[in-house]
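Participant: Quick one: this structure, given as structure tokens, is what I'll be asking you about.
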Amino acid sequence: MKILLVDDDQDFIDVLSDRMIIREIDVTSVTSAKEAFGLVEKFSYDAIILDLQMPEIDGLQALERLKAINPDLPVILLTGHATVAKGVEAMKLGAIDVIEKPVDIRVLTEKLKKINTQKKSWWATKLHSTLGLKVL
């Protein structure tokens with residue numbers, strides 16, 4: 001699974017990236033939304049993990065832009081300052097989840113596995129319909 005991690009806190013990125021790599025998750029990390037936009041335009045990712053509160057472009061603005069680039073891209077928002085209103089807004093903009101920091105790596109890993117399973121199922125259904133086969 002190929003993940004893009006976007007957070008302005010380099011120490012946080014280093015720790016979370018290491019924990020993901022140990023779990024055999026291919027992770028690319030950047031410290032700004034602008035960097036993320038460039039990567040998403042050039043490369044394919046299975047999901048993006050995005051910090052809600054960043055300088056210059058916050059997570060909600062970044063989420064909107066990422067969804068404009070690729071509407072099908074699963075995005076999980078991370079926040080140390082969760083509010084119900086922000087969570088609802090994030091979901092309306094297309095986030096699949098909002099997780100509070102500090103991140104429980106087991107919870108995050110399970111969410112990523114679920115995304116991967118759903119993506120595989122979607123592709124299998126699409127392939128079967130393209131070939132005219134019935135999905136069992």
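Participant: As an exercise, use a Förster radius of 35 Å and the Cβ-Cβ distance of R23 and Q61 to find the FRET efficiency, rounded to the nearest 0.05.
Facilitator: Numbers: r = 30 Å, r/R0 = 0.85.
Working from the Cβ atoms, E equals 0.75.
Participant: Go ahead and estimate [θ] at 222 nm for the chain from helices alone: -39,500 (n - 2.57) per DSSP H run with n ≥ 4, summed, over the residue count, rounded to 500.
Facilitator: On the way: 5 runs with 70 residues, N = 136.
That comes out to -16500 deg cm²/dmol.
Participant: Taking 0.36 nm per residue of sequence separation and subtracting the Cα-Cα distance, how much length would be gained by fully extending the chain between R106 and M91, in nm to one decimal?
Facilitator: Numbers: separation 15, 0.36 × 15 = 5.40 nm, distance 2.18 nm.
Extra length from R106 to M91 when fully extended: 3.2 nm.
Participant: Now a separate question. Any chance you could count the Lys pairs in the chain whose alpha carbons are under 16 Å apart, treating pairs 8 or more apart or on different chains as valid?
Facilitator: Within the chain, the lysine pair count is 15.
Participant: Right, next: Highest mean first, how do 49-55, 7-13 rank when packing is the count of other Cβ atoms within 10 Å averaged over residues? Before the final figure, lay out each step's value.
Facilitator: Values: 49-55: 20.6, 7-13: 15.6.
Result, highest mean first: 49-55, 7-13.
Participant: For Cα extents along the principal axes in Å, several values are listed as (i) 60, 27, 23; (ii) 49, 31, 30; (iii) 64, 31, 23; flag the one computed from this structure.
Facilitator: (ii)
Bear in mind these aren't lab numbers, they're just calculated from the coordinates by the rules spelled out. Quantities reported herein were computed from a predicted structural model and do not represent experimental measurements. All Cβ positions, glycine included, derive from the backbone under ideal geometry; neighbour counts span all protein chains shown.
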